[in-house]
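The values are calculated or read from the model by the stated rules, or taken from the named source; none is laboratory data. What you see is a predicted model; the values in this text were computed from it and never measured. Using ideal geometry, Cβ is built from the backbone for each residue, glycine included, and neighbour counts are taken over all protein chains shown.
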Amino acid sequence: MNYYLIGMMGSGKSTVGKLLAKKLKTPFLDLDHYIELKNKMSIQDIFKEKGENYFRELEVDALSNIEGSKVVVACGGGIILDHRNRKKISSNGKVVFLKASTSSLNNRLLSNINRPLLNDKNIEAELIKIWNQRKKYYYDTAEIIINTDGINPETLSNQIIEKLNE
Ligand code: S3P
């Protein structure tokens, strides 16, 4: 059984996921990083050269490959867009949604954009648009919902563990 962290870009899935994995004594896997290694290409280049739809299929494959393991997985923000992924993660483990306001996502992303969906865009306006398209999927897929605004990663990882133990 895996622990899947979902949420928008900049919600802290990788930072919190690493801490959570340490506390659960479980390996950590960043799904985007896994895809980059497997395809020997950066996410930016995959979007640029192959397009978003191609990337979404790589996400489906990557999730299938790690189905039977026991890892903490930081999923890419768009993982919940495909119904196959939503089904897969909710039936294969615990799904934790890291919820954040668009203004805090915006603040966190300003220092490290490097996200193809936000290239050359007004970041906050784009985040609002993406959130409105996706929020239903995040809520529907999550078993545990954690509000992240103003809370540090250490505390967040402890809160997740408490909820997992309930
Ligand atoms: C995406 C989020 C990114 C990455 C890709 C697309 C999205 O991951 O998978 O740029 O559609 O929200 P992070 O959520 O880790 O930034």
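For segment 4-36, the candidate set comprises residues that are in contact with a helix residue (DSSP H, G or I) (Cβ under 7 Å, 6 or more places away or on another chain), in contact (Cβ under 8 Å) with a residue 60 or more places away in the chain and of a type in the set (S, T, Y); within that set, the residue that is farthest from the ligand (Cβ to nearest atom) is Y4.
For N53, the conditions (1) loosely packed, with under 14 Cβ neighbours inside 10 Å; (2) at pLDDT below 95; (3) of a type outside the set (D, E, K, R) all hold with the exception of (2).
Scanning segment 136-152 for residues that are closer than 25 Å to P116 by Cβ and surrounded by 14 or more Cβ atoms within 10 Å (Cβ to Cβ) returns Y137, Y138, T141, A142, T148.
Selection of segment 37-51 for residues being charged (D, E, K, R) and either touching a residue at least 12 places away in the same chain (Cβ under 8 Å) or touching a strand residue (DSSP E or B) at 6+ places or on another chain (Cβ under 9 Å) (or both) yields K38, K48.
Please indicate, with yes or no, whether at least one residue in segment 106-125 is on the phi < 0 side of the Ramachandran plot, at pLDDT 95 or above and either within 15 Å of the ligand (Cβ to nearest atom) or under 13 Å from the mean Cα position of the chain (by Cα) (or both). The answer is no; no qualifying residue exists. Only residues that are crowded, with 19+ Cβ neighbours inside 10 Å and either away from the ligand (no atom under 11 Å from the Cβ) or of a type in the set (D, E, K, R) (or both) were counted in segment 74-87, giving 1.
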